[in-house]
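Colleague: Here it is: the structure, laid out below.
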Number of protein chains: 4
Amino acid sequence: MNSFGKQFRMSIFGESHGPVVGCIIDGCPAGLDLSAADMFSDLTRRKSGAKGTTPRKEEDLPEILTGIFQGKTTGAPITIQFQNNNTKSKDYAQFIDMPRPGHADFVAQRKYNGSSDPRGGGHFSGRLTLAIVAAGVVAKKLMSQLSIKAELTSLGGSTNIEEALEKAISKKDSVGGVIECTVDGLSVGLGEPFFDSVESLIAHGVFAIPGIKGIEFGNGFKSIEITGSKNNDIIIDQDGHTATNNCGGINGGITNGNQLVFRVAVKPTASILQEQMTFNFAKSKMEALNIKGSHDLAFVLRVPVIIEAITAMVLADLTMINNNQQSAFSVQL
Amino acid sequence: MNSFGKQFRMSIFGESHGPVVGCIIDGCPAGLDLSAADMFSDLTRRKSGAKGTTPRKEEDLPEILTGIFQGKTTGAPITIQFQNNNTKSKDYAQFIDMPRPGHADFVAQRKYNGSSDPRGGGHFSGRLTLAIVAAGVVAKKLMSQLSIKAELTSLGGSTNIEEALEKAISKKDSVGGVIECTVDGLSVGLGEPFFDSVESLIAHGVFAIPGIKGIEFGNGFKSIEITGSKNNDIIIDQDGHTATNNCGGINGGITNGNQLVFRVAVKPTASILQEQMTFNFAKSKMEALNIKGSHDLAFVLRVPVIIEAITAMVLADLTMINNNQQSAFSVQL
Amino acid sequence: MNSFGKQFRMSIFGESHGPVVGCIIDGCPAGLDLSAADMFSDLTRRKSGAKGTTPRKEEDLPEILTGIFQGKTTGAPITIQFQNNNTKSKDYAQFIDMPRPGHADFVAQRKYNGSSDPRGGGHFSGRLTLAIVAAGVVAKKLMSQLSIKAELTSLGGSTNIEEALEKAISKKDSVGGVIECTVDGLSVGLGEPFFDSVESLIAHGVFAIPGIKGIEFGNGFKSIEITGSKNNDIIIDQDGHTATNNCGGINGGITNGNQLVFRVAVKPTASILQEQMTFNFAKSKMEALNIKGSHDLAFVLRVPVIIEAITAMVLADLTMINNNQQSAFSVQL
Amino acid sequence: MNSFGKQFRMSIFGESHGPVVGCIIDGCPAGLDLSAADMFSDLTRRKSGAKGTTPRKEEDLPEILTGIFQGKTTGAPITIQFQNNNTKSKDYAQFIDMPRPGHADFVAQRKYNGSSDPRGGGHFSGRLTLAIVAAGVVAKKLMSQLSIKAELTSLGGSTNIEEALEKAISKKDSVGGVIECTVDGLSVGLGEPFFDSVESLIAHGVFAIPGIKGIEFGNGFKSIEITGSKNNDIIIDQDGHTATNNCGGINGGITNGNQLVFRVAVKPTASILQEQMTFNFAKSKMEALNIKGSHDLAFVLRVPVIIEAITAMVLADLTMINNNQQSAFSVQL
């Protein structure tokens, strides 16, 4: 469903070309200072307009409609909403007959028997990540003792990001990239066996972001190239710090107090300015498709802050769950 | 929590050296033929005893205690239980003071304030995957139209698996590997926006398996090395088949009717027969640790069938959820 | 949390005197005709303005912001929102220091450490039932084969409703009442053992409505006055019809194909126009309180359509869950 | 589904005449002293054998199979299992063709397409409440500061319980009754708006117990006979104590620190020793049915401790949820 999290729970709604996108946050504790201004910095990091991103211009102004009183959260659900203004919906009609390669056009129409909203990808649009970023800000404020940082480490397979971007622009082609996320300041013990490991929950949330095709924790796929004697992280002190951090700060699905580290692969944006072939379902034959509309050439550039938001929400949720297991009761435990 | 899935829901219980491990399956439809014998084949694939796996010998005989009558499921919860017989718990006492590098020993004791069961890893043990395999058999029977296959494609970084294994054995060191899972026969439309994408749910389940550190769908991390014009899969017919399958059978989080493909990285087993340093929490200093007990040198060898089980459960669950959205109502939709 | 239902799932948001109240419906199938006009009839039944209800006048105009395209549901979350216009928030400041007897004022401030929105009861207001009615309309449209009817059967302990109302008005006092809800057209088999019985789910939803203090199914509390031989409903035909319906259409928590019947008790509205004593927490002593603002004298008059909405949602949800257990799979069951 | 609760979560399994019934408790904090002996007292209260209860004799010996180590909970799922020994399954075959009036026989076979286990009511049996009582003991131990007490206040419509029982026995008929449950020692603030009110959750759990047909909180159905000025409970001190307790300790769905009070109606047991008519589905005509097997004449006698168990579980769950909202975070709230 369109919700994520158990105690800190976010529900998402909206379509790319409908009137609004937004989210509800349920379970946020009362008394947290919160205003739209808190969100500007992260929303700007996600914003379009920079080189390689869609020319669609949106104000991305968050309206906090509910759950707030006199500048503080009240404990009631927090509704955050964004208007969609700059939409050019006529460009999308063709994608019902001729689904774009690499897009959700085909599966959306099939899954919903032709009733899915095709405009701008409808509910499948990357525009909904706006709501994720907003919810992430609330989680970050709760977890202010943490330093959560995601950044692009390679683009189009190259670590020379500016150059890779210029090359893609000149070829009218799209590129993907790798983002690394680190979290410092975590305590030991977040994560729940057996199915709510830290890796399980972060991966669950991250794969909801359009275009993510891989995730690895610690040395991840590289861990298979070394043996256990090299891969094991030796504990060196009372707090559980380790000499190396091949496990990315997680043992048995639980944070071990070291830096949390993971990387995600974001595929090249599906919408490209080159002509592509696709199947025309109305004519039952293959045809050439030229995609118009506003699109990112490298959506990956906008993804780091979304990754941070998912991470913050998972950690806030696990913090609440972990806390209640011990401190809720007056009985001797 | 220790449950996974919404409509086809599996809950896990037990410890490595307690009397039993097992699972409950809730939501399995009534009328499915089911017996312990159905599980033997998959349980054998997970079994220990082969070269590179733990010498701990267990019968792994599933008892189906509830939810079955006259050889068929009744619609009530299905309880499947396995006895633990071959346990040598004295070997583990030391790991409370001296946690094994790469293991959950340290985090388990911290998270549970010293009350966690240390014997054989307790509830964090790979032995609990036995219950996952059993539940997976039930899901596979429901989804009998599918062909779900996982296999080891590399060990210790090498595709020459036998050789890599011998090398590890001779060095008394452990190795990890990569497993590829494919699913044929899927219909279009499984997966739920926004947060229950097929990737999200499979990754969630897979990262619950001890030792998994990475997952990628389709060409995954390789997708960043090519541009969108190469990476996009061109639709070539009315059923949505594509010329290539770089997306691994998933667009926008939804199955597109092509082969589902993903790969996971399993780290080298943490328990090795070599001496390692660790922190002695009783003495507050570092010391050498020699691990006794029964351990896998390459746990990855036993993981493919577990991956299949998780995959089958996710697909059974998504099938139920997808089905009810359209066919449940008599109103014209 | 602020959500209800599993497959047909409704989440609620808003405050009495904030900018909006509303709901999100997640899981509604695609292809259902839906417009704001569908909701007018039920919203009018809940509306204030009639004798015995609050003088607060609101347009109660539903805006369907998401999840709809070309007049049909798309399968994406449906957001329905109502503006709050006629609010007089200055009346409520005193209730922080002097909580109204019978109201949530005191518990809300305590639970949320003083951060709860006190205006008009904030998130605890009966105004949020507006969103429940709107969501109920969607569920009713899905379950159009059913006849769901709730009506007031007694007011202030009397079946002469008009007279009881006049009496209460003349005394400036408030009254409660009993509502009976019946559902015709149900098939056999809705409801899930062990914890999601039809009674469990309806009661869960109904007790979320402010002011409900009791519920009984079939002959309910009267069943204890007769013996089993009288209370048992004799099955008389192949479809499971029974000679009597003391069980209210439910056996073992599951619908049996007969009429579903239950009754709820709605307490007298807490806000009354008479002076009452309460504790003044600022002054630490008891004082007289005179409640201003807009209030219902008999909120129960507006509750029947809310009860219908909850009932429709529960039955839609159970229909989806029941359906997927058998029809989702191609295997012989 | 067969689970109840969010953070303190209980899942139930088993059939009346299968090998076992039991439960899993997930989310119980680590470090709680727990043994089978803790359960004997409550299990004895539920036990059969007394006048008016079934002659089926079972040892009802709880085996705590998982989640416990050295006498303390470990934080892992707690599995509690009971053997079924004294079963006479041949008595039940006839109920497939001739469902017992007032029983789940008919709905169970229909819902599960004939695959339901008919022996002793299968999964629909009151025997599963054994597992509820066991789980309730764990919740009570966590909430040891509370005094939770349920008792039978009337039987067969009479407060002279012994006499009513004798009368029923002499008539070979069954009787129902009313149980009142009170909880002392509650703090202010348990319960979650909008849908997880204390009334919602208790009612949800209570209606899962076979035979419950009504519930009311505080003065419940009696509240409609008085006006608001009489029904409102006046707050008289800083802690929120009230002069009366018509609301049963709950305002706006949240505990207000006064005594929690509710009553439930338990219908007369459906199985009676008199001949009754029912429909014979094999012969398609009505026929006389004589029920053999072991049955309670007044199951209500065994229900008080089950009500306590449900109540304790709800309060433990709400305590965990309430606690994590404020105390989990280091940020100033």
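Colleague: Kirkwood-based Rg over Rh for the range B:248-327 (C-alpha set), two decimals?
Modeller: On the Cα set of the range B:248-327, Rg over Rh gives 1.25.
Colleague: Relative to the Cα centre, what is the charge dipole magnitude of the range C:123-246, using +1 at the beta carbon of each Lys and Arg, -1 at the beta carbon of each Asp and Glu, and rounding to the nearest 20 debye?
Modeller: In debye, rounded to 20, the range C:123-246 gives about 540.
Colleague: With heavy atoms of protein chains only and a 1.4 Å probe, what residues of the range C:206-249 have at least 50 Å² less accessible area in the full set of chains than alone?
Modeller: For the range C:206-249, once contacts with the other chains are taken into account, C:PHE207, C:ALA208, C:LYS213, C:PHE221, C:ILE224, C:SER229, C:ASN232, C:ILE234, C:ILE235, C:GLN238 lose 50 Å² or more.
Colleague: Taking all protein chains in place and a 1.4 Å probe, what share, in percent, of the accessible surface of chain B do carbon and sulfur account for?
Modeller: The C+S portion of the solvent-accessible surface of chain B is 51 percent.
Colleague: OK, next. Going through the range C:49-126, which GluC sites (Glu not before Pro) have at most 14 other Cβ atoms within 10 Å and a DSSP loop state?
Modeller: Filter output for the range C:49-126: C:GLU59.
Colleague: Would you kindly find the accessible area of C:SER3, with a 1.4 Å probe and non-protein molecules such as ligands, DNA and RNA excluded, rounding to the nearest 10 Å²?
Modeller: 20 Å²
Colleague: Further, regarding this structure: Taking the dipole about the Cα centre of the range C:1-98, with the C-beta of Lys and Arg at +1 and of Asp and Glu at -1, give me whichever of C:MET98, C:VAL21, C:ALA50 is farthest to the positive side.
Modeller: The listed residue farthest towards the positive side: C:ALA50.
Colleague: Further question: Taking only the alpha-carbon atoms of the range C:195-333, what semi-axes of the equivalent ellipsoid follow from 5 times the gyration tensor eigenvalues under a square root, in whole Å, largest first?
Modeller: Working from the Cα gyration tensor, I get semi-axes of 42, 21, 13 Å.
Colleague: So, one more: Just to be sure I understand the rule: take each whole DSSP H helix in chain A, project its Cα atoms onto its long axis, keep it if the span is 18 Å or more and its mean Kyte-Doolittle hydropathy is at least 0.0. Which ones pass?
Modeller: A:129-142, A:304-327
Colleague: Average partner chain C-beta neighbours within 10 Å, per residue of C:165-175?
Modeller: Taking all residues of C:165-175 together, the mean is 2.
Colleague: Given the whole protein assembly as supplied and a 1.4 Å probe, what does the accessible area of D:LYS111 come to in Å², nearest 10?
Modeller: Its accessible surface works out to 10 Å², give or take rounding.
Colleague: Can you give the average number of partner chain beta-carbon atoms within 10 Å of each beta-carbon in peptide A:264-273, as a whole number?
Modeller: 6
Colleague: What's the percent breakdown of Cα-Cα distances in the protein assembly as shown across 20 Å bins, shortest bin first?
Modeller: Each 20 Å bin holds this share of Cα pairs: 11, 40, 37, 11, 0.
Colleague: Given a 1.4 Å probe and no ligands, DNA or RNA in the count, how much accessible surface is buried by D and B, both sides, to the nearest 100 Å²?
Modeller: 2700 Å²
Colleague: Counting other C-beta atoms within 10 Å, and keeping those with at most 14, which DSSP coil GluC sites (Glu not before Pro) do you find in the range A:264-315?
Modeller: Loop-located and lightly packed - A:GLU275.
Colleague: Once the Cβ-Cβ distance between C:LYS90 and A:ASP237 is put in as r, and R0 is 60 Å, what FRET efficiency do you end up with, to the nearest 0.05?
Modeller: The pair C:LYS90/A:ASP237 has a calculated efficiency of 0.55.
Colleague: Additional query: List for the range B:45-69: residues with 20 Å² or greater reduction in accessible area, all protein chains versus chain alone, probe 1.4 Å?
Modeller: Buried by the other chains: B:LEU65, B:THR66, B:PHE69.
Colleague: Provide an ascending nm list, one decimal, of label-point separations from A:THR44 to the equivalent residue in each further copy; define each label point as 7 Å from Cα along Cα→Cβ.
Modeller: Ordered by distance, the counterparts are at 5.2, 6.5, 7.1 nm.
Colleague: Hey, can you grab everything whose amide H is under 5 Å from the amide H of A:SER174? Only 5+ residues off in sequence or another chain; H modelled, so Pro and N-termini drop out.
Modeller: When sequence neighbours closer than 5 places are left aside, the close amide H contacts are B:GLY228, B:SER229.
Colleague: Using the Cα centre of chain C as origin and beta-carbon charges of +1 (Lys, Arg) and -1 (Asp, Glu), tell me which of C:SER154, C:LEU201, C:ASN219 is placed farthest towards the positive end of the dipole.
Modeller: Farthest along the dipole direction, towards plus: C:SER154.
Colleague: Report, to two decimal places, the Cα Rg of the range A:244-286 normalised by 2.2 N^0.38 Å (N = number of residues).
Modeller: 2.38
Colleague: Mind jotting down the distance between the C-alpha centroids of the range D:220-258 and the range B:9-29, whole Å?
Modeller: Computed from Cα coordinates, the inter-centre distance equals 44 Å.
Colleague: Which order do you get for B:THR182, B:THR244, C:THR278 if you rank them by accessible area with a 1.4 Å probe, largest at the top?
Modeller: Accessible-area ranking of B:THR182, B:THR244, C:THR278, largest first: B:THR244, B:THR182, C:THR278.
Colleague: Counting each DSSP H run of 4 or more residues in chain D as -39500 (n - 2.57), what helix-only mean residue ellipticity at 222 nm follows after dividing by all residues, to the nearest 500 deg cm²/dmol?
Modeller: After summing the helix terms and dividing by the residues of chain D, the value is -7500 deg cm²/dmol.
Colleague: Could you give the size of the charge dipole of the range D:3-332 about its Cα centre, using +1 on the Cβ of each K and R and -1 on the Cβ of each D and E, expressed in debye and rounded to the nearest 20?
Modeller: 1060 debye
Colleague: Identify, among C:THR242, C:PHE279, C:MET320, the residue whose Cα sits farthest towards the positive end of the charge dipole of the range C:3-332, taking +1 on the Cβ of Lys and Arg and -1 on the Cβ of Asp and Glu, with the dipole about the Cα centre.
Modeller: Projecting each Cα onto the dipole axis, the largest value belongs to C:PHE279.
Colleague: Taking chain B as a Gaussian network, Cα atoms linked when under 10 Å apart, which of B:LYS230, B:LYS72, B:LYS213 shows the biggest mean-square fluctuation?
Modeller: Top of the fluctuation ranking is B:LYS230.
Colleague: Another question, then. If I model a spin label at D:SER144 and B:SER330 as a point 7 Å from the Cα along the Cα→Cβ vector, what separation in nanometres do I get?
Modeller: Roughly 5.7 nm, to one decimal.
Colleague: I've got another one for you. Per residue, how many Å² of accessible area does chain A show with a 1.4 Å probe?
Modeller: Ligands and nucleic acids excluded, the figure is 31 Å² per residue.
Colleague: Can you give the FRET efficiency to the nearest 0.05 for D:ASP33 and C:LYS172, using r as the Cβ-Cβ distance and R₀ = 60 Å?
Modeller: Calculated value: 0.60.
Colleague: Oh, and also: Where does chain C land on the Kirkwood hydrodynamic radius, alpha-carbon pairs, in angstrom?
Modeller: For chain C, the Kirkwood estimate is 21.4 Å.
Colleague: So what is the diffusion coefficient of the range C:122-165 in µm² per second by Stokes-Einstein at 10 °C and 1.306 mPa s, using a Kirkwood Rh over Cα pairs?
Modeller: For these conditions, the coefficient is 121 µm²/s.
Colleague: Related question: Can you tell me the dipole magnitude for the protein assembly as shown around its Cα centre, using point charges on the Cβ only (Lys, Arg +1; Asp, Glu -1), in Debye to the nearest 20?
Modeller: For the protein assembly as shown, the charge dipole is close to 0 debye.
The values are calculated or read from the model by the stated rules, or taken from the named source; none is laboratory data. Just so we're clear, the structure is a prediction, and the values are computed from it rather than from any experiment. Positions of Cβ are generated from backbone atoms using ideal geometry, with glycine treated the same way; all protein chains shown enter the neighbour counts. Note: accessible area is taken over every heavy atom of the protein model, side chains too, but ligands, DNA and RNA are not part of it. Shrake-Rupley method; radii C 1.70, N 1.55, O 1.52, S 1.80 Å.
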